[in-house]
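First up is the structure itself, then whatever we jot down about it.
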Amino acid sequence: AHPPPARIRIPFTFDAAQRDGDLATLHEEAAAAIRRGERLLLVGDFNVTPDEPGYRILADSLRDLHTDAGLGPGWTWWPGFLEGSGLALVRIDMVLVGPGLDPVSVAVDCSLAGDHCRVTGRVAVR
């Protein structure tokens, strides 16, 4: 999944309405899959940090691999001027799971070119 980022404008305004609406839609689709008895693995650049209200919209009743099995901040994105530094600043790339999948481990690799780190995770199937 890859909802659009919040819009930031000058003078400083932060408009997350479109992104948060998309996150709510993703959550509704995930909840429907869970109600049908399906196992759910939701992976993406969600353009939201765990400290924002939009994260709670998305992750409600799901488990976040980093929260449950990760170490450190798990930061996965940096602005372009830091590319190549390996210094990520926020965690917006995530792996979320529903019932029947248990977080085992998660790792972040920031050695690749681009503005995102690679996130890899392991889950146990019940």
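Numbers for the structure displayed
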| item | result |
| --- | --- |
| Residue tally, condition surrounded by fewer than 13 Cβ atoms within 10 Å (Cβ to Cβ) and either part of a loop (DSSP other than H, G, I, E, B) or among the charged types (D, E, K, R) (or both), over the stretch 117-126 | 1 |
| Which listed residue is among the hydrophobic types (A, V, I, L, M, F, W, C) and under 17 Å from the mean Cα position of the chain (by Cα), from Leu87, Leu65 | Leu65 |
| Residue in the stretch 59-106 that is farthest from Gly44 (Cα to Cα), counting only those that are acidic (Asp, Glu) and touching a helix residue (DSSP H, G or I) at 6+ places or on another chain (Cβ under 9 Å) | Asp102 |
| Elements of type helices (runs of 4 or more DSSP H) in the stretch 14-116, at least 2 residues being open to solvent by less than 40 Å² (accessible area, probe 1.4 Å) and under 14 Å from Ala1 (Cβ atoms) | 17-35, 53-59 |
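The values are calculated or read from the model by the stated rules, or taken from the named source; none is laboratory data. Predicted model only: the values in this text are computed from it and were never measured. All Cβ positions, even for glycine, are placed from backbone atoms using ideal geometry, and neighbour counts span all protein chains on display. Remember, those area values only see protein heavy atoms, side chains included, never the ligands or the DNA or RNA. Shrake-Rupley method; radii C 1.70, N 1.55, O 1.52, S 1.80 Å.
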